[in-house]
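The values are calculated or read from the model by the stated rules, or taken from the named source; none is laboratory data. Keep in mind that this is a model prediction, so the values were computed, not measured. Here the Cβ is made from the backbone with ideal geometry for all residues, glycine too, and neighbour counts use every protein chain on show. To get the accessible areas, we keep the full protein, side chains included, count just its heavy atoms, and leave off ligands, DNA and RNA. Shrake-Rupley method; radii C 1.70, N 1.55, O 1.52, S 1.80 Å.
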Amino acid sequence: MEPKESISACIRVKDELSKTVLMPGDPLRAKALAEKYLTDVVCFNDVRNMLGFTGTYKGKRISVMGHGMGVPSVGLYTHELFTQFGVDNIIRIGSAGGLSMDVDAMDVVIAEAASTNSSYGNAYGIPGQLAACADFDMLETAVNVAREKNIKYKVGRVYTSDFFYYPQKGLNETLRDSGHLCVEMETAGLFWEAEMNHKRAASILSISDHLFKPQALTAEERQNGFTDMMEIALETAWKFAD
């Protein structure tokens, strides 16, 4: 892809941007990932400190960029990547709180769909609610990678919340009882942007704590669980990278 100047105030490309982007919420985590897993790394964005980097992984170009917290933030950055910079594939990588009793801290959750309390999807004008679903090819690839690497994983619905601290009681119990694996804050927004722009998206999450079990990871355990998630995400990204 040729370097492109952004017409927005949010992304300024200084170097080649890959068609496949890994996106954690924290821009500093994006920087750490690029330095740890990629070679020949260059920074393509530093606007508002939402850092983005492009490097090489196993001979292919892959980009890593933060997306911030919440559906509006991930929607903004992924929309611009999809529509202004020729990105075709985005994989969200992040942490989530466990809901299902079949999920434990350090497990990897590969989201097939996301329920949500966000109204972001209403803007697309579809009567009812637009289903927020992963791209099947990316989902299948991630599952196959996890199996090949013998990494413990679950596939299913997640819940994307606009609230980190939800003000009413009982929501987590309802989500658990209706089959949601975990709760986080961005997946639905990513899936909607990908669907409406005819692109691919996946969300691969690491369970950092559990809302119904006395489980919360130490710093070392978070790192180990994060490594499993990253191995799946990197190998999946590699399959779709240019």
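Numbers below:
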| item | result |
| --- | --- |
| Residues of the stretch 188-219 satisfying the condition of being closer than 18 Å to Gly70 by Cβ and either touching a helix residue (DSSP H, G or I) at 6+ places or on another chain (Cβ under 8 Å) or charged (D, E, K, R) (or both) | Ala188, Gly189, Leu190, Trp192, Glu193, Ala194, Ala201, Ser203, Leu205, Ser208 |
| Total residues in the stretch 9-20, condition at pLDDT 95 or above and either assigned to a loop (DSSP other than H, G, I, E, B) or under 15 Å from Leu76 (Cα atoms) (or both) | 2 |
| Hey, Ala113 surrounded by fewer than 23 Cβ atoms within 10 Å (Cβ to Cβ), under 19 Å from the mean Cα position of the chain (by Cα) and modelled with pLDDT under 95 or not | no |
| Verdict on Lys239 being in contact with a helix residue (DSSP H, G or I) (Cβ under 6 Å, 6 or more places away or on another chain), surrounded by fewer than 18 Cβ atoms within 10 Å (Cβ to Cβ) and farther than 23 Å from Met69 by Cα | yes |
| Positions within the stretch 70-84 being among the β-branched types (Val, Ile, Thr) and open to solvent by less than 10 Å² (accessible area, probe 1.4 Å), in sequence order | Val71, Val74, Thr78 |
| The stretch 47-69 - residue that is open to solvent by 10 Å² or more (accessible area, probe 1.4 Å) and touching a residue at least 60 places away in the same chain (Cβ under 8 Å) and, of those, nearest to Glu195 (Cα to Cα) | Met69 |
| Filter pass, Leu171 being farther than 17 Å from Asp107 by Cα and either polar (S, T, N, Q) or open to solvent by less than 50 Å² (accessible area, probe 1.4 Å) (or both) | yes |
| Residues of the stretch 195-204 classified as open to solvent by 40 Å² or more (accessible area, probe 1.4 Å) and either hydroxyl-bearing (Ser, Thr, Tyr) or in a strand (DSSP E or B) (or both), total | 1 |
| Residue within the stretch 160-178 that is among the hydrophobic types (A, V, I, L, M, F, W, C), within 23 Å of Phe82 (Cα to Cα) and at pLDDT 95 or above present | no |
| Matching residues in the stretch 21-31 - criterion: being surrounded by 15 or more Cβ atoms within 10 Å (Cβ to Cβ) and either more than 12 Å from the chain's Cα centre (by Cα) or part of a helix (DSSP H, G or I) (or both) | Pro27, Arg29, Ala30, Lys31 |
| Test: residue in the stretch 183-190 that is open to solvent by 20 Å² or more (accessible area, probe 1.4 Å) and either touching a residue at least 60 places away in the same chain (Cβ under 8 Å) or assigned to a helix (DSSP H, G or I) (or both) | yes |
| Check on Phe44, in a strand (DSSP E or B), open to solvent by less than 20 Å² (accessible area, probe 1.4 Å) and under 23 Å from Glu235 (Cα atoms) | yes |
| Enumeration of residues in the stretch 98-110 that are open to solvent by less than 10 Å² (accessible area, probe 1.4 Å) and either touching a His at 6+ places or on another chain (Cβ under 8 Å) or modelled with pLDDT of 95 or more (or both) | Gly98, Leu99, Val103, Val108, Val109, Ile110 |
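Conditions tested, residue by residue: (1) open to solvent by 30 Å² or more (accessible area, probe 1.4 Å); (2) assigned to a helix (DSSP H, G or I); (3) closer than 16 Å to Ala233 by Cα.
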| residue | (1), (2), (3) |
| --- | --- |
| Gly128 | yes, no, no |
| Val143 | no, yes, yes |
| Lys154 | yes, no, yes |
| Phe164 | yes, no, no |
| Leu175 | no, yes, no |
| Glu193 | no, yes, no |
| Ser206 | no, no, yes |
